[in-house]
Amino acid sequence: MESESIMADACKAACDFHRRKLWKRFTNYDCFGVRIAGRDDLILGVVLGDAGEEHGLSLFRGPNAAACLGALLEPEGPGDDALEDMDTLGFSMEAFGTLPPDAQTLLRDGGRHPQYREAVPHFLAKPAGQNSRLPNESELRELGMIVHAVVQADKEKLLHPACLDDPQGICVLNLSNGPAEPEVRLTREVVEQHRPPVAVPLLPACHDLDRLPRLKTTWLVGLPALPAAIEGDDRAMQVLLVVDDTHDLILHGLPVFSGDLREAANGLVKTFQGKGLRKVKGLPAEIAFSSRKLFDAMAPVLEPLGVRCRYEPAVPKLQQLMTEFYDLADRQGGAFDDADLPDAADVPVPAPQDLKGWKQAQERLCRRCADEFHSSRSLQSSRAVEWYFGDNDFDYYVQEHREQGVLAAYIGWAIVDYRPNKTSKTHAEKMLKKGLGEAEAILLRAQMETCPTLYRVARHNAKAGTVELEDILLGGRVTVHDQLMSENIENNLFLPARVFPAGAYHFLEPAGPLLGAGMGLEAVEFLRECGMELTEAGLRRHAHLFGWLWEWMEEWQADGGQPRMCNTDGDELLWHTASFSVAAPDEVRKVLLEREDIEYDRDADEFVWSRPAGRNRKVPGDTVALGRIELVGDELVLEVNSARRLDGARQWLEKLPGVVFRNVTTRRWDEVDRDRPLDERISSPEPVEMTPELSAAVQEMMNKHYMSWLDEPLPALGGKTPQQACRTAAGRRQVLTLIRTMPDPAGPVPIRAPREALMQALGLTAEAGGPPAGEPTPAIPIPIESIAPKPRIARNAPCPCGSGRKYKKCCGREPADN
């Protein structure tokens, strides 16, 4: 079976398993067994998800499987050794965008290109004494076979949860007949949790330990995992951590390979001899070990010397110290020595079409920039931090927005733009003077020559690994080649960034936070209010203001992240569906038809309540639709979009003969429409399959809607229409910003806002800016006037947009919120 087929089979098995929702029946204390024909060891499976972790499956393998699993389930904790001795294989269902790059690459190599939020299996293997890694083909094949068997057994209701120490045993799946179509036979087995005895390592001559002074202290000794590895060596690392609990002192911290008890024991003896970090010499009165193996090895040596030894699976102070160490390592961002990088002179400049070569050069440059940042005090000074964030609490922003790439954005600005004073050189200039590889120098110069700006994600293609960006502030489009970004991004998001050329491609360096589809226009206004001049020179001079967007984004989200939606009367949008009983429906229908403020829609069999728009109209057309009325049997249903309009309607509706108010339901404009009019509650049309013709018809309808916007008075333009605002240079800039930040409509059909057509209709195409050099000119949509007439759609037919609602209640509906 080829690699892609193996990965595809493992993914299918994991998704089938996830759909079974076994976490609803299995707790984290339950397990089942798996025996594969021809193998001696029993594999133990644990369903993940019951305790709030990511849903998935973990398989414990090898002779210590039961002992390791039993240690994990102990209330006191597993101890340092259980985690290192574990031999596990499994997966968890996680959002694709949150997976590490190598895990994303593994799925891509298997032919999958998921969206950012799509839940996909994250496969991991951890052999005993080694670091976690991606599984190889053999492990993926075995995992796929086991998961398929578990799904089959559960479908046949043969899989039953049981605790590891259940006296009746656990359910065991016996697999035979090969991995393609395994035959499953169920048995029940009692599991013994045996751990092989620990051999006491050979220690150096210890006869002088009894001559050491006795200390009236308690020491804590552990072997926690170390977040580090040696390149080319799969072995996991631990650290011998010795702490004086009485005086809160770290006496020793010695990295050792996992399971190397001889080295750990020697390190502890040297600590007794005063050769640790603090040069404290002597034997403590008591030692608490969080490593069972080290306790078993050292207690027989130390207890005859009067040292009380005890084993504690969890020692809080040791765990706290290691957590602080992890945080420090994480904050350092993986700083390293230049020795980790290849000699710049040995790396040739990639050919223009060598995307992989330019990507590797970009990665080397990013690492050198990170090293430059971590070695510079000025770049981490409170002055630099406050200049970029508008606040000097660097730790807060790094901790709060780590996953959003805040550190990369800050380092990029600090290296390229920050000058402590007007005559200072930037660190980018210093790095070039110091010397870089030719490819890295080309990339850094390109960054320095490019100003940051605000982009809208126009399109992305995960298969091609490209993202098309529209420059909101300066105009033009550019295509970035970034596989991870193309899979983790969504259209209509906004991204402050530098985009710079390298060879035949363009690459991106973030300059601020990724912003939601509804935040673009407000972000531009915020930058203007902060004094940013929206020219190339101004964007270079005020590059730090993109950093202020981190705090602005927090405030925007804290305010609910939603604009206040109002109708043309200034009332907040709140949909009201009111029901009235009708004693004489025919008489009420006759009265409604005679009213001047009621228009009858014969096709829909409904009444539109309206009023003249007046001279200061805010919407196109001569009338404003205030609400809709339907008569169904002996019920009258009224739908309006504000409480004030409901009160106005009731004043005249309840004067009609035999009309009595029953009840009303409300919903916000952004909530699901649970209370549809009565005719739709009786029969809801099935969603229709979208054809190219229907998609084109929906796009045409939306084009017509957008083009009518050109003549609408807009509060953002001071009550002027876009046509009127474009009579001045300042107005043209405002209208361009409005068009560029206009998001595409959301829905099941990919509809795009006709931005180019709008700019063309306003005569703004010359001011909009063309695409950067080397980029194809984007296609301009056909003007609305030249589009063929759309086919007539019956009012009660299913809407072609695929919403599942009738056309008259969806795209064919005149807006009632105006």
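Summary table
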item: Where Arg681 falls short, out of the listed (1) at pLDDT below 75; (2) among the basic types (Lys, Arg); (3) in contact with a helix residue (DSSP H, G or I) (Cβ under 8 Å, 6 or more places away or on another chain); result: (3)
item: Test: residue in the stretch 569-585 that is within 30 Å of Val120 (Cα to Cα) and open to solvent by 30 Å² or more (accessible area, probe 1.4 Å); result: no
item: Candidate set: the stretch 115-136, residues that are touching a residue at least 24 places away in the same chain (Cβ under 8 Å) and small (Gly, Ala, Ser); chosen: the one surrounded by the fewest Cβ atoms within 10 Å (Cβ to Cβ); result: Ala119
item: Positions within the stretch 137-161 being under 30 Å from the mean Cα position of the chain (by Cα) and surrounded by fewer than 17 Cβ atoms within 10 Å (Cβ to Cβ), in sequence order; result: Glu137
item: Count of the stretch 465-494 residues which are open to solvent by 10 Å² or more (accessible area, probe 1.4 Å), over 13 Å from Arg740 (Cα atoms) and part of a strand (DSSP E or B); result: 4
item: Residue in the stretch 624-658 that is farthest from Trp609 (Cα to Cα), counting only those that are in a helix (DSSP H, G or I) and of a type in the set (A, V, I, L, M, F, W, C); result: Ala643
item: Residues of the stretch 710-738 satisfying the condition of being in contact (Cβ under 8 Å) with a residue 24 or more places away in the chain, touching a Pro at 6+ places or on another chain (Cβ under 8 Å) and open to solvent by less than 40 Å² (accessible area, probe 1.4 Å); result: Leu710, Glu712, Leu714, Val735, Leu738
item: Test: residue in the stretch 379-395 that is in contact with a Lys or Arg (Cβ under 9 Å, 6 or more places away or on another chain), at pLDDT 90 or above, assigned to a loop (DSSP other than H, G, I, E, B) and among the polar types (S, T, N, Q); result: no
item: From the options Leu215, Leu254, Leu220, residue that is touching a helix residue (DSSP H, G or I) at 6+ places or on another chain (Cβ under 6 Å), open to solvent by 20 Å² or more (accessible area, probe 1.4 Å), in a strand (DSSP E or B) and not aromatic (Phe, Trp, Tyr); result: Leu254
item: Residue ID - surrounded by the most Cβ atoms within 10 Å (Cβ to Cβ), chosen from residues in the stretch 374-388 that are out of contact with any Pro (no Cβ under 9 Å at 6 or more places or on another chain) and small (Gly, Ala, Ser); result: Ser376
item: Residue among Gly412, Gly405 that is of a type outside the set (Phe, Trp, Tyr), within 15 Å of Ala511 (Cα to Cα) and surrounded by fewer than 17 Cβ atoms within 10 Å (Cβ to Cβ); result: Gly405
item: Top-ranked residue in the stretch 300-323 [being buried (at least 18 other Cβ atoms within 10 Å of the Cβ) and closer than 17 Å to Asp208 by Cα; ranked as modelled with the lowest pLDDT]; result: Leu302
item: Residues (touching a residue at least 40 places away in the same chain (Cβ under 8 Å) and surrounded by 14 or more Cβ atoms within 10 Å (Cβ to Cβ)) located in the stretch 696-709; result: Ala697, Val698, Gln699, Glu700, Met701, Met702, Asn703, Tyr706, Met707, Trp709
item: Unmet requirement for Leu124, which otherwise passes all of (1) in a loop (DSSP other than H, G, I, E, B); (2) touching a Gly at 6+ places or on another chain (Cβ under 7 Å); result: (1)
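Conditions tested, residue by residue: (1) outside any strand (DSSP E or B); (2) open to solvent by less than 60 Å² (accessible area, probe 1.4 Å); (3) hydroxyl-bearing (Ser, Thr, Tyr).
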site	(1), (2), (3)
Ser5	yes, yes, yes
His18	yes, yes, no
Phe26	yes, yes, no
Phe32	no, yes, no
Arg35	no, no, no
Ala71	yes, yes, no
Asp80	yes, yes, no
Glu84	yes, yes, no
Arg108	yes, yes, no
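The values are calculated or read from the model by the stated rules, or taken from the named source; none is laboratory data. This structure is a prediction, so every number in the text was calculated from the model and none was measured. All Cβ positions, even for glycine, are placed from backbone atoms using ideal geometry, and neighbour counts span all protein chains on display. SASA here: full protein model, heavy atoms, side chains in, ligands and nucleic acids out. Shrake-Rupley method; radii C 1.70, N 1.55, O 1.52, S 1.80 Å.
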